[in-house]
Amino acid sequence: MMLAFIILGALTLVGGVITIAARNAVHAALGLVGTLLSVGGLFASMNASFLAATQVIVYAGAIMVLFLFVIMLLNANQPVTGRDPVPFVRELAGIGGTLLAGAFVVLAFTYKDPPALAQNVAALRGGTAGAVGETLLTRFLLPFEAVSVLLLVAIVGAVALVQRPVPQPDGVPDTEPAGVLSPDTSLVFEAVNQEAALKQTVLKERGRA
């Protein structure tokens, strides 16, 4: 069981790295699917059957289908190039990663042994839906609702990040009235008219000669 836990943990880390490092949004979503499936396997290895089933059905299933639908709807399946759509996003990501790494270091040095494993197993009652629901909606009600808000913010942020300006095919801004020529176009027409008038003058002179 410990070997399965180590392998699934490694797969979770690999999927997370692919999700962050991939330039293509579809590849990043597939990496996230692998991460969520591996987390479901971690829950199953710890005898949390309800959490494992919920992880696979809800997150790796329904929510990832929603993510892929948004990616295809916004035509975000092309590799991301150019400048970042959000200013200072790389700097903010670096600061956030540094703070998270510091929090893990502090947690590693201040960690205390939990209560006896037998007490925790008895409280979980096999990881059934009743025990999990009772815990979520009593002791952890506020974090449970905060996660739902976090998911909503993540979807809105994904939509904002993949928006791209629509290029104008003719190079003329939409605010310019129809039928009004630009200064450059007027100069071209004036030059053509002058050339035509010059040719007519030359032909007349030759006819008189």
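The values are calculated or read from the model by the stated rules, or taken from the named source; none is laboratory data. Given the structure is predicted, the values throughout are model-derived calculations rather than measurements. Cβ sites come from the backbone with ideal geometry, for glycine too, and all protein chains shown count toward neighbours.
Quick rundown of the values:
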| read-out | value |
| --- | --- |
| Residue in the stretch 1-22 that is surrounded by the fewest Cβ atoms within 10 Å (Cβ to Cβ), counting only those that are more than 21 Å from the chain's Cα centre (by Cα) and not aliphatic (A, V, I, L, M) | Phe5 |
| Of residues in the stretch 69-118 being acidic (Asp, Glu) and at pLDDT below 75, the one surrounded by the most Cβ atoms within 10 Å (Cβ to Cβ) | Asp84 |
| All positions within the stretch 23-53 that are surrounded by fewer than 17 Cβ atoms within 10 Å (Cβ to Cβ), more than 12 Å from the chain's Cα centre (by Cα) and either hydroxyl-bearing (Ser, Thr, Tyr) or at pLDDT below 85 (or both) | Met46, Asn47, Ser49 |
| Qualifying residue in the stretch 121-128 (condition: at pLDDT 75 or above and either touching a Leu at 6+ places or on another chain (Cβ under 8 Å) or in a loop (DSSP other than H, G, I, E, B) (or both)) | no |
